[in-house]
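One structure is given below, encoded as structure tokens.
The values are calculated or read from the model by the stated rules, or taken from the named source; none is laboratory data. Remember, predicted model here, so these are calculated numbers, not experimental data. No Cβ is skipped: glycine too gets one built from the backbone with ideal geometry, and neighbour counts run over all protein chains shown.
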Amino acid sequence: MADTLLEVDGIETCYGLSQVLFGLSLSIRPGEMVSLMGRNGMGKTTTIRSIMGLTPARAGSIRFAGAEVRQLPSYRIAKLGVGLVPEGRQIFPNLTVRENLVAAAADRFSSPNPWTLAAIYVMFPRLAERAANMGNQLSGGEQQMLAIGRALMTNPKLLILDEATEGLAPLIREEIWHCLSLLKSRGQSILVVDKNVDHLARICDRHFIIERGKTMWSGTSDQLMAEPDLQHKYLGI
């Protein structure tokens, strides 16, 4: 599809002899915000790891910006314009906030309004206040802001967030959702994994629900909210 930024088609991914993804498919158009939902252990993080080349899919196709990337190493996928905010944040604990942000900074595509250190500090004033603090001196919420800021500093075509608000205090969660809304308004393409269906339905364009490594449902926010049984069937505990 010419108008598709990311096209994942029928991928299969394993950890050793244990297969996790069984022909999973999803897609993201430029400027679109898409969610990936499902219960714990259903393959959401493995899907993201497959897209990033961290756990390569053994079959299927992953096309990004028109190029097949399934067999590329993760650093080359990142250079093509995919920014990852991983589960658990994984910031550099022994670097300062500023150093974390500039460590991977790049503008490979000559963005008309690129992300800079100053722009990140405007979006997340707490990071400006803590610029000289080490990564391991930050709260969980501040670390998540830093992880998002670090990914944005690569000026990605696609931003991927795995468990965007997991384990965060309610006020911090609201700040993260507000940040994602602002990014969407800027035209940033986003793939987000989270458990908050109400927030996802409010700001995402489309949704993919997976169950045991397969795409079981996809549709718009209106379609998602019009089918309450979906949440009970695929997302409930």
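How many residues are under 20 Å from the mean Cα position of the chain (by Cα) and in a strand (DSSP E or B) if we restrict to segment 13-35? Steps first, please.
Here is the first cut: in segment 13-35, the ones under 20 Å from the mean Cα position of the chain (by Cα) are 13, 20-21, 24-35.
Next, only the ones that are in a strand (DSSP E or B) stay: 13, 20-21, 24-28, 33-35.
Going through segment 13-35 one residue at a time, the tally reaches 11.
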All positions within segment 217-233 that are modelled with pLDDT of 90 or more and part of a helix (DSSP H, G or I): Ser221, Asp222, Gln223, Leu224, Met225
Across segment 141-175, the tally of residues that are in contact (Cβ under 8 Å) with a residue 40 or more places away in the chain, of a type in the set (Gly, Ala, Ser) and assigned to a loop (DSSP other than H, G, I, E, B) stands at 1
When segment 202-237 is checked residue by residue, the ones that are acidic (Asp, Glu) and farther than 29 Å from Leu182 by Cα are Glu211, Asp229
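Looking at Pro30, Pro56, can you tell me which residue is over 16 Å from Arg70 (Cα atoms) and either in contact with a strand residue (DSSP E or B) (Cβ under 7 Å, 6 or more places away or on another chain) or surrounded by fewer than 23 Cβ atoms within 10 Å (Cβ to Cβ) (or both)? Show your work before the answer.
Numbers: Pro56 fails: over 16 Å from Arg70 (Cα atoms).
The conditions single out Pro30.
Counting only residues that are under 15 Å from Thr154 (Cα atoms), in contact (Cβ under 8 Å) with a residue 24 or more places away in the chain, surrounded by fewer than 19 Cβ atoms within 10 Å (Cβ to Cβ) and not charged (D, E, K, R), how many does segment 63-108 have?
Going residue by residue through segment 63-108, those that are under 15 Å from Thr154 (Cα atoms) are 74-86, 91, 98-108.
With in contact (Cβ under 8 Å) with a residue 24 or more places away in the chain added as a condition, the list becomes 77-86, 91, 98, 100-108.
From what's left, surrounded by fewer than 19 Cβ atoms within 10 Å (Cβ to Cβ): 79-80, 86, 98, 102-108.
So of that shortlist, the ones also not charged (D, E, K, R) come out as 80, 86, 102-106.
Qualifying residue count, segment 63-108: 7.
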Exactly one of Glu68, Glu99, Glu87 is charged (D, E, K, R), within 28 Å of Gly167 (Cβ to Cβ) and modelled with pLDDT of 95 or more, and that residue is Glu99
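Answer yes or no: is there a residue in segment 194-206 that is in contact (Cβ under 8 Å) with a residue 12 or more places away in the chain, surrounded by fewer than 14 Cβ atoms within 10 Å (Cβ to Cβ), outside any helix (DSSP H, G or I) and not hydroxyl-bearing (Ser, Thr, Tyr). Before you say what the answer is, go through the steps one by one.
Filtering segment 194-206 down to residues in contact (Cβ under 8 Å) with a residue 12 or more places away in the chain leaves 194-197, 199-206.
From what is left, the residues that are surrounded by fewer than 14 Cβ atoms within 10 Å (Cβ to Cβ) are 202.
Cutting the leftovers down to outside any helix (DSSP H, G or I) gives us none.
Looking for residues that are in contact (Cβ under 8 Å) with a residue 12 or more places away in the chain, surrounded by fewer than 14 Cβ atoms within 10 Å (Cβ to Cβ), outside any helix (DSSP H, G or I) and not hydroxyl-bearing (Ser, Thr, Tyr), one finds none in segment 194-206, hence no.
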